[in-house]
1. Rounded if a/c is under 1.5, else prolate if a/b beats b/c, else oblate: with a ≥ b ≥ c from the C-alpha gyration tensor eigenvalues square-rooted, which is region 456-545?
2. Could you run the Karplus curve 6.51 cos²θ - 1.76 cosθ + 1.60 with θ = phi - 60° over region 453-458 and give me ³J(HN,Hα) per residue in whole Hz, x for Gly and Pro?
3. Let me see the pair-distance distribution of region 53-195: every alpha carbon pair, 10 Å bin width, integer percents in order.
4. Rounded to a whole number, what is D in µm²/s for the chain from Stokes-Einstein with the Kirkwood radius over alpha-carbon pairs (37 °C, 0.692 mPa s)?
5. Where both residues lie in the chain, what percent of DSSP beta bridges are antiparallel, nearest 5?
6. Can you sort T255, T210 by solvent-accessible area, 1.4 Å probe, largest first?
7. Starting from the Cα of K476, step 7 Å along the direction of its Cβ; do the same at E445; then give the gap between the two resulting points in nm.
8. With the contact rule set at Cα under 8 Å and sequence spacing of 6 or more, what percent relative contact order holds for region 405-560?
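The values are calculated or read from the model by the stated rules, or taken from the named source; none is laboratory data. Everything numeric in this text was worked out from a predicted model, so none of it was measured. FYI the Cβ positions are ideal-geometry reconstructions off the backbone, even for glycines, and counts take in every protein chain you see. When the accessible area is computed, the model is the full protein with side chains, heavy atoms only, and any ligands, DNA or RNA have been set aside. Shrake-Rupley method; radii C 1.70, N 1.55, O 1.52, S 1.80 Å.
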Amino acid sequence: MKYNILIGGSAGQGMSTISFLLQKILKRKGFYIFSNKDYMSRVRGGHNFIQIRFGDEPITSYNPNLDVIIALDQNTINFHKDRLNDNGIIICDDEINTEESKKNIINIPMKDIAKEVGNRKVFGSAALGAIIKSFNLSMDKVESVFNDRFSEKVAHDNLEAFKKGYGTINSSFNINEDSTDDSILINGNQAIGLGAIAGGVNFYSAYPMTPATSIMTFLAKNQQEAGIMVEQAEDEIAAINMAIGASYAGIRAMTGSSGGGFSLMVETLGLVAITEIPLVVVNVQRPGPATGLPTRTAQSDLNFMLSSSQDEFPRMVIAVRNPEDAFYQTVRALNIADKYQMLVILLNDQYLADYNQTIKAFDMDKVSIDRHLSNDNILEDNKYKRYKLTESGISPRIVPGRFKKQTVLADSHEHNEYGFVEESSENRINMMKKRMNKMELLKEELKEPEYYGDDNPDILLLGWGSMDGALKEVTKMFKNKGINIGALVFGDIYPLPTEELIKYSNMAEKIINVEQNYTGQLARLIKSETNIKCTNSILKYDGRQLNSYEIYNKLKSEVL
């Protein structure tokens, strides 16, 4: 059994606090949770909302249909009442005018309760109490959540408001509590931050840009305990140059931004490539161009990631699919960057960056840190060949200052094996082949896309990154309906793994790409790499995430 709650209002009304507390309470009661938010690029006013889906089994996507709406203002009722299920309820303060709505509305005196308690800021906890009571859940675990969040006096006031709100309504739904759950609740950017810490990152530099900022703030909040340095640079150009400098010095480093900030980093990507300095760069996508929609989601930067910076050089592009994947892929990206001495781009997006999901606790036995640094004295003719020509393209790498008389040269010009500038045709050809040979070796350790659905699909859906949860859910929705549907969701995107793609595309009568962009960028990449053509597309580019119900309805109306 799964239920859907929406908390809506204007920026500054406390939705985030109500949502945080509700998710913590539900988590401690043993429920699986999936929450996502829709917010405007403003500090106060406008209309924002948070959706929380919870139940007694794992949840991978959000549901547009609602069981409970917590309306902190009139707009929330006006905008979302038509999404309410037939037996759904709207809970709001008794000051809100509800005469024109025909939905099942429950008015509770949120603000009056806050006045009674003596703290006007705790009206949200009165609403929280009403939510918990509406699902016939006990007040168990509530006090501990307040105590963990607030000071003693504030926690007491919130608990009193909660109890009063709890007593204002009767239960409308019924779901059993199970306190044995041992999962964790985390979002995509937090998972990347934890992956960076687990993967041995010692330095992270960035400039704040929504929706990538929370990686930096998460790492900054935990930097002392984790033993890392976090630097808020003056801009994205400085941020990536700091990171490449740290990596050159032997420190495992990362940087991150969104599309506009990544654009400023592009010139340095070429420097990363020609100096063969390992670096992981995170791009948390949002709609553009220019400022675009700063707080919305998109998958529109893929083409940009494949060709950013001038000329040709090796790179890897990985799109994280969910918070669990984001953690392990971040560790893997760091190891690959060090092993191949190359650029690795991690692609995330606002939706996955911000949504919370309960997942299994991370298995640290699966985590290893592989620096691939040379510890031997490797002088040749009393000199160190930093860019020694090898069959694999990977040269011996040492940390500057590690050995006497071994200078580690790095230059943005084309150079010879020692690192000195050289412009001969022969040297240019050798160095280009050396660098590009890494891609052939890298192809041997690519991860195939995740597959969901029937073993012999008549219809094959193709997606990448954050489309993972919705596509997984869609295949379940079609199960036992006489239609064989499967879905491949790519994490490794470039180089493109093709084994599973070729296998399932040969079975399918129709191949449909499902993406959050206008031009179908994954479909174009697949066609160029394999000549496999998609027969249909399901595309969305309004800044809001495709959900499983939209995909299901599109398939039924336009494809089947």
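1. oblate
2. Per residue, the Karplus-derived 3J(HN,Hα) values read x, 6, 5, 10, x, 7 Hz.
3. That works out to 11, 33, 36, 18, 2, 0, in percent per bin.
4. Diffusion coefficient, whole number: 129 µm²/s.
5. Here the share of antiparallel DSSP bridges comes out near 40 percent.
6. Details: T255 0, T210 50 Å².
Per-residue accessible area, sorted high to low, gives T210, T255.
7. For K476 paired with E445, the spin-label model returns 3.3 nm.
8. 20 percent
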